[in-house]
Each structure stands twice: as C-alpha cells, then as structure tokens.
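Quick notes on the structure that follows.
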Amino acid sequence: MKIKNLHYFSGLIISIFVGLHLFNHLCSILGINQHIEVMNIFRKIYRNTVCESILLLAVIIQIISGLSLFRTLRKTTTSNFEKLQIWSGLYLAFFLIIHVSAVLIGRFCLHLDTNFYFGAAGINTFPTQLFFIPYYTLAILSFFGHIAAIHYKKMQTSFLSLSPAKQSKGILLIGILTTILIFYGFTNHFKGVQIPKEYNILVGK
C-alpha cells in the first residue's frame, strides 16, 4: 500500500506538470512564438528551484514505484483496462527516463534552451523522425491511456448517461485528438519547421 500511495501522489504531481506541458504544446497550433511565450510563463512556475526539485523527485519515485508495481500486477491483471494501465505505465517509465535525461543533458551539457525547437528537431528531420514520431505519439497516448484506465477503476457510476467504460474511452479519444493537434503544431501545420543551427547537434548534423 505504501508503494501504491507513493505512486499515486507522485503521479498527481507529474500529471499537473504534464497537463501544463501538453497545453503549452497545443499552443504551437497558433505558431512557434505563441508556444514559446506560453512556455516562458509556465517556466516561472515549474523552473524555480523548489518546484523543479519536487518534480524531479516525483519522477524518480514514479519510475521506481511504477516498475515495482508492474512486476507485481502484470501477473494478476485480467481486464483490458488493467492491462492498459500497467503497459501504458511501463512505457511512461521508459519515456520519463529517456526524456528527462535528454532535457537535463540539453540544458546543462549542450547549453541549449529546451524550448519548442528542442522537441521539433527530431520530429522534422529525417531519419530521426522515424524514432521521434512514434516515441512522442506513444508517450501522449500512454499518458491518456493510464488516466483512462485509472478513471475506469475508480469511477463505478455512470455520468451523463455514460458508463465508466465509455467515459474512459472518451479520455482515450481526447488523447488521440491531442496527439494529432500537437503534431500539427510541431510540424508547422505539416509543412515542416526550420530548425535553428544550434539544435542540429540533436539530429547528428
């Protein structure tokens, strides 16, 4: 129970950040400058020493507790939503390890501003986009899938004539739509983005 509690509360902290992060990415639909403007506002919240330390601690706890729960629960899961919860959680643990490490390396070793272009570089360059497009797609869908599975588990009553299963499927649908819109913005509405030279190091140029 202690591991589940740690996992739950660290997940809440991370979910707040991810919510802000995804909203920020959705702003790319309005243009790169708008994305960066919103990012700079949000950074005042989560890039101060206290908030960033709490967030990094939450990420570490989430990964360790999540892997521990995966080893236990994968043997007993039966329903599709339970399977969705543990496998989406496993991918999120993988993503957090890679993504957080990459951002920290980008900031402190490569001395890059990890802004819009930090994410857009891999998505808009061949052949790195063959990795980064599914990598980010699965991350967003796994986040919404994890929430959908937890919602199904916690919500046992209908809401607005929708059963818990339909509500959770609605969350998944929002995740799919969010993914499409973010890629729409990050590829400059599918026309491609001109990446500044300093970010070419991210794609081996």
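Remark: the Phe159-Asn80 segment gains 26.3 nm on full extension, using 0.36 nm per residue and subtracting the alpha carbon distance. Solvent-free Debye calculation, one equal scatterer per alpha-carbon of the chain: log10 I(q)/I(0) at 0.09, 0.12, 0.13, 0.17 Å⁻¹ equals -0.38, -0.67, -0.79, -1.28. Only Lys, Arg, Asp and Glu carry charge here, each on its Cβ (+1 for the first two, -1 for the last two); on that basis the chain has a dipole of about 560 debye about its Cα centre. Summed over qualifying helices (DSSP H, 4 residues or more, each -39500 (n - 2.57)) and divided by its residue number, the chain shows a 222 nm mean residue ellipticity of -25500 deg cm²/dmol. Probing with 1.4 Å while keeping every protein chain in the model, the per residue accessible area of the range 144-205 equals 65 Å². Directionally averaged projected area (the range 75-131, Cα convex hull): 5.6 nm². Segment Gln194..Ser15, full-extension length gain: 61.4 nm, with 0.36 nm per residue of separation and the alpha-carbon distance subtracted. Only Cα pairs under 8 Å and 6+ residues apart enter the sum, and on that basis the relative contact order of the chain stands at 26 percent. Projecting the Cα atoms of Asn200, Leu104, Leu181 onto the charge dipole of the range 76-205, computed from C-beta unit charges around the Cα centre, puts Leu181 farthest toward the positive end.
Taking amide hydrogens as placed 1.01 Å from N in the peptide plane, the amide H of Leu162 sits under 5 Å from that of no residue at least 5 positions away in sequence or on another chain. Karplus-based coupling profile of the range 34-48, in residue order and whole Hz: 5, 4, 5, 4, 5, 4, 5, 5, 5, 5, 5, 8, 9, 9, 7, with θ = phi - 60° in 6.51 cos²θ - 1.76 cosθ + 1.60 and x standing for Gly or Pro. Distance between the C-alpha centres of the range 84-123 and the range 128-145: 11 Å, rounded to the whole angstrom. If you take every residue apart from Phe70 with its C-beta less than 13 Å away from the C-beta of Phe70, what net charge results, scoring Lys and Arg +1 and Asp and Glu -1? Its environment carries a net charge of +4.
Per-atom-type breakdown for the range 1-147 gives carbon and sulfur 72% of the accessible area (1.4 Å probe, protein chains only). Legend: distances between Cα atoms for Lys44/Lys153; Lys83/Lys154; Lys2/Lys75; pairs beyond 24 Å are Lys44/Lys153. Using C-alpha pairs under 8 Å with a sequence gap of at least 6, the mean separation divided by the residue count of the range 19-98 gives a relative contact order of 21 percent.
When the Gaussian network model of the chain links Cα atoms closer than 10 Å, the mean-square fluctuations of His21, His111, His189 top out at His111.
Most tightly packed first, judged by the mean number of other beta-carbon atoms within 10 Å of their residues, the peptides 51-63, 24-36, 138-150 read 138-150, 24-36, 51-63. On C-alpha positions alone, give me the angle between the axis of helix 49-73 and the longest principal axis of the chain, in degrees, nearest 10. Its long axis makes an angle of about 50 degrees.
The values are calculated or read from the model by the stated rules, or taken from the named source; none is laboratory data. Since the model is a prediction, treat every value here as computed from it, not as a measurement. Reconstructed Cβ throughout: ideal geometry from the backbone, glycine too, with neighbour counts over all protein chains shown. These area figures cover heavy atoms from the full protein model, side chains too; ligands, DNA and RNA do not enter into them. Shrake-Rupley method; radii C 1.70, N 1.55, O 1.52, S 1.80 Å.
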